[in-house]
Amino acid sequence: MKKNLKKLMALGLVVVMGATMLAGCGSKDSGSSDDGGSSDKKTKLTFSMWSETQMPAMQAMIDAYEKENPNVEIELQSSSYKEYWTKIEASATGGTAPDVMWVNVLHIDSYTDAGILAELDDAIADGGLELEGNFPPALIDAYIRDGKQYAIPKDFDTNALFYNKEIFDKAGVAYPTDDWTMEDLNNCCQELLDKGLDENVYPFACPVDFQTWYYQTVYANGGYIINEDKTETGYDLKETQEGIQCWIDMIDKGYAPTLADITDTSADARFESGHLAMVLAGSYMVEEYLANDAIAGKIDCVEVPSMNGKEPNCINGLGYAVYANSKNLEEAQKFAVWCGGEEAMKIQGEAGFVFSARNDAQHYFADAHPELNIAAYTNHVEDAVALPVCMNAAELYDLEANELKYAYDGSKTLEEVCKTLKEEGDALLK
Amino acid sequence: MAEKKQQVKVPKKKASRREKKDWVAGYLFIAPVTLGLLVFYIFPFIQNFWFSFNNVNKFNMATFCGLENYSKMIVDTELYQTLWNTLKYVVITVPVGLFLSILLAALLNSEIKGKSFYRTIYFLPSVTMSVAVSLIWKWIYNGEYGILNAILKVFGLEGQNWLSNQSTAFYCVMIVGIWCSVGYNMIILLAGMQGISKSLYEAAAIDGAGPKDQFFHVTMPMLTPTIFFVMITSIIGGFQVFDTIYMMIGKTSMAYESCQTMIAMFYRYGFEFGKKGYAAAISIFVFLIIMVVTAFQMWGQKKWVNYD
C-alpha cells in the first residue's frame, strides 16, 4: 500500500511537470498563432534587436505604438550582436524567428536570398510612408533587392576625423578644420612630428580598416570595390589602389604606427588613452569617446578630409525588417513601417545614441551632443557611399584584410596584392 | 582453451521477472545522460556528416551536392596549411606539456613546504576563462606596452611585436596553451602518483635504490597508464585548439596564416562566412585525423603502458 502511494505520487509529479512544460509551450504558441483578427484578444508581436544601450529607446517606441494601437502587444528581445545572428538564424530554421527585427546591410543579401525577410512595399504604401525624399538615398537603396524594399532604414553611421586638443595645444599646432584636404592632413602630421610629440604618441593611425578608412578614399578617388552588378571587383583599377595607397604612405612617413604596432594596440585604444592626435571614427564611437574620462572634454571632430575635391564618406546603418513567415505578417509590417515615421524617429533620436535615418530627425543626435561638431558627420551625407556588400561579403572582407596587410606591412607592393585580390575576389562574386 | 569453450557453452538462463525489473531501472538511470548524448552529440554528428555532402546556408537549408565540398577541400591549400600548423602545435605542445606536468607533479608529490599553495596556483589557469587568459597574454606580448618587452629592455635586449612576427607568434601561442593545460594534467598525474603503493618504494629503498632510481624504476612505470590517459586527451585537445589563438592573433597580424589551425578554419567557414557545408567537411576531416591518431596510440600502448 505504502509502495503504491509512492508510485502514485511519483506519477502525479510527472504528470504535473509534463503539464506545466506543455502549458509553457502552449501559451507561447497561442500568442503568435492567433490571427490578430479577434477583437477581444491582443495580437502579440516579438521585436528583436542587439543593443543594450538602445533598449530604452526601442521600448519607448513600443509604448507609444501600443497606445495608438491597443490591439497590439509587442515583446522586446535583446541579445549581443554576435549572439543575435546565431539566434535569428536558428529560430528562422525552426520557423519561429521574431516578427520584427533589426538587420544590417551585411546580412541583407543572405537573408533575402533565403527568403527570411518579407517585402514591405505594399505596407509602406498603406502606411503612407514616403521613403524617397525623407531618407538619404544610399540608405533606401541599401535595403532594396530585386526592386523590392526589404527593410525600413532605422539609423545610419558615417565617419569623421576626431582630434585630441590637448596634444595639439602642447605641440602648438592649429586644430584641424572642416575644409581640410588629404594634403592638409599629411602636412599637419608632419608639423606635429616636427614640433615634437611625447613618447609613443602618434599624429594619426592607419589600421587595415575598410569602412572607416580606405573605402571612403577609394570611392572618392573614383575607384570601387564591387561593381554595380556585383559581378566583378575593382581592385585592379588605378583609382582604387590610389585610395588605399594614400593611407599606406602615411605609415611609411612615420605619421602612423606600423601595422604590427596597430595590430597589437588598436587605433581606438590609442586615441582613448590620449596617445593619438587624430583618428577617423564612426558616429557609433561618439558615446564611447565621451564616456572615457581620459579624453572627454579634450576632443572634437571635423569632416573627413576631402580628396580631389570630393568629400569621402562611407555610410552604413541598419533597418527594421519583418520575418516572412510571421504569423501576424500584416501587423508586423504595420509596426515596422510605423518605426520609419516621424514620431518613432523622434523618440529614437532624442535618446541620442545614433543618427536617426529620417532627414528630419537627424538633428536630434547633434542636439544631444552640443559640445561636439557633430555636423561633421552629416554635412555631406548625400554624397556618402554605402558599404559595398554582396552574398559573400564576410568572406570578401576577410580576404581583403588578409591580403592588404602585406601592402600595409611593406612586404609586397599594393599592385601585387591587388592582383591577387582581383583574382580571388572575382571568384567570390561568381 | 577447453575451459574457455565450456564457459561459452553455459546455457543462457531466461531473465526472471526480477531481473527484467532491474533492467528497466538501469535503463531509466542512464536515460538522462543517454538522451542528452543522443540529442546534443550523436544527432548533431550525424547531421554534420550529412551537411558535409550539401551546400548549407546560414539557415541550415541544405541542397545536396555530393562530394563537391570534399573535392574542393582536397585542393584547398589553406587546409594543408592549417593541418601543418595544427600538427606542429600538437607535436610541440604535447611532449613539452607532458614533461612539465610530470615534473611539477613529482615536485608537488614530495615533502615541500606550501604544497597546497603551489597546487592551487598551478591549477588556477585551468579554472580561468580562456578568453581572459588570452587577453592578459596579449598584453604581455604587446610590442609597445607589453611587460615582456619591458623586462627585456631592463637587460638591454631589444623587444619586438611577438604576435605579429612569423617566427615567434606561434610559439607565443603554444606557451599560453601549455601554461593553460599543465595544471590540469598535473593534478591527474599527481593522483596517479599517489595511487602507487608505498610498499613498492620501501622495497626499492631496501634494495638500495636512491630517489632518482625510485623515480625512474618505480614511479614512471607505475604511472604509465595515467601518462597514457593524459597523452590521449592532450593530443585530442591539441588538434582542437582554437580559442586562445582566435583571441590572440588578429586578422591583420603578419603571422595570421602561420597560426591558423584546422578548427579555426572550420569556425571561419561555418560561422563567419555562412558556408556550413564546407565547414562540415572540414570537421569530418579533423575527426578522421583524430580517430586515426587515437587508434594508433591505442595500438601502440601495448608496447609501453604497464597495467600490472
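The values are calculated or read from the model by the stated rules, or taken from the named source; none is laboratory data. Remember, predicted model here, so these are calculated numbers, not experimental data. When we count neighbours, we look across all protein chains shown, and the Cβ atoms used for this are built from the backbone with ideal geometry, even at glycine.
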Working carefully through the options A:Gln211, A:Gln216, A:Gln190, find the one that is surrounded by fewer than 20 Cβ atoms within 10 Å (Cβ to Cβ), within 30 Å of A:Cys418 (Cα to Cα) and under 25 Å from the mean Cα position of the chain (by Cα). A:Gln211
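Please determine whether any residue of region B:140-147 is among the small types (Gly, Ala, Ser), facing chain A (nearest Cβ under 8 Å) and under 26 Å from A:Ser411 (Cα atoms). I'd like the intermediate steps shown before the answer.
First, the residues of region B:140-147 that are among the small types (Gly, Ala, Ser): B:143, B:146.
Those left that are additionally facing chain A (nearest Cβ under 8 Å): B:143, B:146.
After this cut, where a residue has to be under 26 Å from A:Ser411 (Cα atoms) as well, the list is B:143, B:146.
Yes, the conditions are met somewhere in region B:140-147.
So if I check each of A:Gln245, A:Gln216, which one is more than 14 Å from chain B (Cβ to nearest Cβ) and in contact with a strand residue (DSSP E or B) (Cβ under 6 Å, 6 or more places away or on another chain)? Let's see the steps before the verdict.
Numbers: A:Gln245 fails: in contact with a strand residue (DSSP E or B) (Cβ under 6 Å, 6 or more places away or on another chain).
Matching residue, one of A:Gln245, A:Gln216: A:Gln216.
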So, A:Leu280, is that one within 14 Å of chain B (Cβ to nearest Cβ) and within 20 Å of A:Asp178 (Cα to Cα) or not? no
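Look at B:Met254 and say whether it is out of contact with any Asp or Glu (no Cβ under 8 Å at 6 or more places or on another chain), within 14 Å of another protein chain (Cβ to nearest Cβ), crowded, with 20+ Cβ neighbours inside 10 Å and under 30 Å from B:Asn165 (Cβ atoms). Before the answer, list the steps.
Values: out of contact with any Asp or Glu (no Cβ under 8 Å at 6 or more places or on another chain): no; within 14 Å of another protein chain (Cβ to nearest Cβ): yes; crowded, with 20+ Cβ neighbours inside 10 Å: yes; under 30 Å from B:Asn165 (Cβ atoms): yes.
Criteria not met by B:Met254.
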What single numbered condition from (1) in a loop (DSSP other than H, G, I, E, B); (2) more than 30 Å from B:Tyr141 (Cβ to Cβ); (3) not basic (Lys, Arg) fails to hold for A:Cys206? (2)
Taking A:Gln362, is it touching a strand residue (DSSP E or B) at 6+ places or on another chain (Cβ under 6 Å) and closer than 30 Å to A:Lys41 by Cα? no
Could you tell me how many of the residues in region B:46-65 are of a type in the set (A, V, I, L, M) and away from chain A (no Cβ under 12 Å)? 1
For region A:88-117, give me each residue that is surrounded by fewer than 22 Cβ atoms within 10 Å (Cβ to Cβ), aliphatic (A, V, I, L, M) and assigned to a loop (DSSP other than H, G, I, E, B). A:Ala114
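Out of the residues in region B:257-273 meeting the condition of being hydroxyl-bearing (Ser, Thr, Tyr) and more than 10 Å from chain A (Cβ to nearest Cβ), tell me which one is surrounded by the most Cβ atoms within 10 Å (Cβ to Cβ). Steps first, answer last, please.
Step one: of region B:257-273, the residues hydroxyl-bearing (Ser, Thr, Tyr) are B:258, B:261, B:267, B:269.
Imposing the further condition that a residue be more than 10 Å from chain A (Cβ to nearest Cβ) reduces the set to B:258, B:261, B:267.
Values: B:Ser258: 17, B:Thr261: 26, B:Tyr267: 19.
Once the filter is applied, the top-ranked residue is B:Thr261.
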If you scan region A:409-430, which residues turn out to be within 15 Å of A:Tyr235 (Cβ to Cβ) and of a type in the set (Ser, Thr, Tyr)? A:Thr413, A:Thr420
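Only one of these is under 26 Å from B:Leu107 (Cα atoms), surrounded by fewer than 19 Cβ atoms within 10 Å (Cβ to Cβ) and of a type outside the set (A, V, I, L, M, F, W, C): B:Gly208, B:Gly183, B:Gly177, B:Gly192. Name it.
Working: B:Gly183 fails: surrounded by fewer than 19 Cβ atoms within 10 Å (Cβ to Cβ); B:Gly177 fails: surrounded by fewer than 19 Cβ atoms within 10 Å (Cβ to Cβ); B:Gly192 fails: surrounded by fewer than 19 Cβ atoms within 10 Å (Cβ to Cβ).
When all the criteria are applied, what remains is B:Gly208.
Of a type in the set (Asp, Glu) and either in a loop (DSSP other than H, G, I, E, B) or surrounded by fewer than 18 Cβ atoms within 10 Å (Cβ to Cβ) (or both): does that describe A:Asp155? First the steps, then the outcome.
Working: of a type in the set (Asp, Glu): yes; either in a loop (DSSP other than H, G, I, E, B) or surrounded by fewer than 18 Cβ atoms within 10 Å (Cβ to Cβ) (or both): no.
No, not satisfied.
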What is the one condition in (1) at pLDDT 95 or above; (2) more than 14 Å from chain B (Cβ to nearest Cβ) that A:Cys206 does not satisfy? (2)
Exception for A:Val304 within (1) in contact with a helix residue (DSSP H, G or I) (Cβ under 9 Å, 6 or more places away or on another chain); (2) over 29 Å from A:Gln216 (Cβ atoms) falls at (2)
Name the single residue that is farthest from B:Gly195 (Cα to Cα) among those in region B:205-251 being within 14 Å of chain A (Cβ to nearest Cβ) and not in a helix (DSSP H, G or I). B:Lys251
In region A:73-87, which residues are surrounded by fewer than 20 Cβ atoms within 10 Å (Cβ to Cβ) and outside any helix (DSSP H, G or I)? A:Glu73, A:Glu75, A:Leu76, A:Gln77, A:Ser78, A:Ser79, A:Ser80
May I ask you to verify whether A:Leu197 is out of contact with any His (no Cβ under 8 Å at 6 or more places or on another chain) and outside any helix (DSSP H, G or I)? yes
Restricting attention to region B:278-297, which residues are more than 14 Å from chain A (Cβ to nearest Cβ) and under 20 Å from B:Glu68 (Cβ atoms)? B:Ala280, B:Ala281, B:Ile282, B:Ser283, B:Ile284, B:Phe285, B:Val286, B:Phe287, B:Leu288
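Which members of region A:401-422 meet the condition of being facing chain B (nearest Cβ under 10 Å), within 22 Å of B:Glu272 (Cβ to Cβ) and buried (at least 18 other Cβ atoms within 10 Å of the Cβ)? First the steps, then the outcome.
Within region A:401-422, the subset facing chain B (nearest Cβ under 10 Å) is A:401-402, A:404-406, A:408-409, A:411.
Filter once more, so that each one left must be within 22 Å of B:Glu272 (Cβ to Cβ): A:401-402, A:404-406, A:408.
Within region A:401-422, A:Ala401, A:Asn402, A:Leu404, A:Lys405, A:Tyr408 qualify.
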Consider A:Thr258 carefully, then state whether it is of a type in the set (Val, Ile, Thr), in contact (Cβ under 8 Å) with a residue 40 or more places away in the chain, farther than 30 Å from A:Leu429 by Cα and surrounded by fewer than 21 Cβ atoms within 10 Å (Cβ to Cβ). yes
Give me the pairs, please: first residue somewhere in region A:293-306 and of a type in the set (Gly, Ala, Ser), second residue anywhere and in a strand (DSSP E or B), beta-carbon distance under 7 Å, and either six or more positions apart or on two chains. A:Ser306/A:Thr181
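Does region A:382-392 include one or more residues that are among the β-branched types (Val, Ile, Thr), buried (at least 21 other Cβ atoms within 10 Å of the Cβ) and either modelled with pLDDT of 95 or more or touching a strand residue (DSSP E or B) at 6+ places or on another chain (Cβ under 6 Å) (or both)? Spell out the reasoning first.
From region A:382-392, those among the β-branched types (Val, Ile, Thr) are A:385, A:389; that's our starting set.
Those left that are additionally buried (at least 21 other Cβ atoms within 10 Å of the Cβ): A:389.
Those still in the list that are either modelled with pLDDT of 95 or more or touching a strand residue (DSSP E or B) at 6+ places or on another chain (Cβ under 6 Å) (or both) too: none.
No, region A:382-392 contains no residue that is among the β-branched types (Val, Ile, Thr), buried (at least 21 other Cβ atoms within 10 Å of the Cβ) and either modelled with pLDDT of 95 or more or touching a strand residue (DSSP E or B) at 6+ places or on another chain (Cβ under 6 Å) (or both).
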Mind checking which residues of region A:373-430 are among the β-branched types (Val, Ile, Thr) and either part of a helix (DSSP H, G or I) or under 21 Å from B:Glu78 (Cα atoms) (or both)? A:Thr378, A:Val381, A:Val417, A:Thr420
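Taking the residues in region A:282-308 that are of a type in the set (Gly, Ala, Ser) and touching a Ser or Thr at 6+ places or on another chain (Cβ under 7 Å) as candidates, determine which candidate is surrounded by the fewest Cβ atoms within 10 Å (Cβ to Cβ). Write out each step before concluding.
Narrowing region A:282-308 to residues of a type in the set (Gly, Ala, Ser): A:282-283, A:291, A:294, A:296-297, A:306.
Now restrict to residues that are touching a Ser or Thr at 6+ places or on another chain (Cβ under 7 Å): A:282-283, A:294, A:306.
Numbers: A:Gly282: 16, A:Ser283: 24, A:Ala294: 12, A:Ser306: 19.
Once the filter is applied, the top-ranked residue is A:Ala294.
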Looking at A:Gly37, A:Gly31, which one is more than 21 Å from the chain's Cα centre (by Cα), closer than 16 Å to A:Asn325 by Cβ and at pLDDT below 95? A:Gly31
Any residue at all in region B:112-134 that's within 14 Å of chain A (Cβ to nearest Cβ), buried (at least 16 other Cβ atoms within 10 Å of the Cβ) and within 25 Å of B:Tyr246 (Cα to Cα)? yes
Name the one entry in A:Asp157, A:Asp109, A:Asp146 that is within 12 Å of another protein chain (Cβ to nearest Cβ) and under 27 Å from A:Val385 (Cα atoms). A:Asp109
Given (1) surrounded by 19 or more Cβ atoms within 10 Å (Cβ to Cβ); (2) over 25 Å from B:Val241 (Cα atoms); (3) at pLDDT 95 or above, number of the condition B:Phe59 does not satisfy: (3)
Return the pairs, sorted by first residue and then second, in which the second residue is among the small types (Gly, Ala, Ser), the first residue lies in region B:70-81 and is over 17 Å from B:Gly270 (Cα atoms), the beta carbons are less than 9 Å apart, and the residues are 6+ apart or on different chains. B:Gln81/B:Ser258
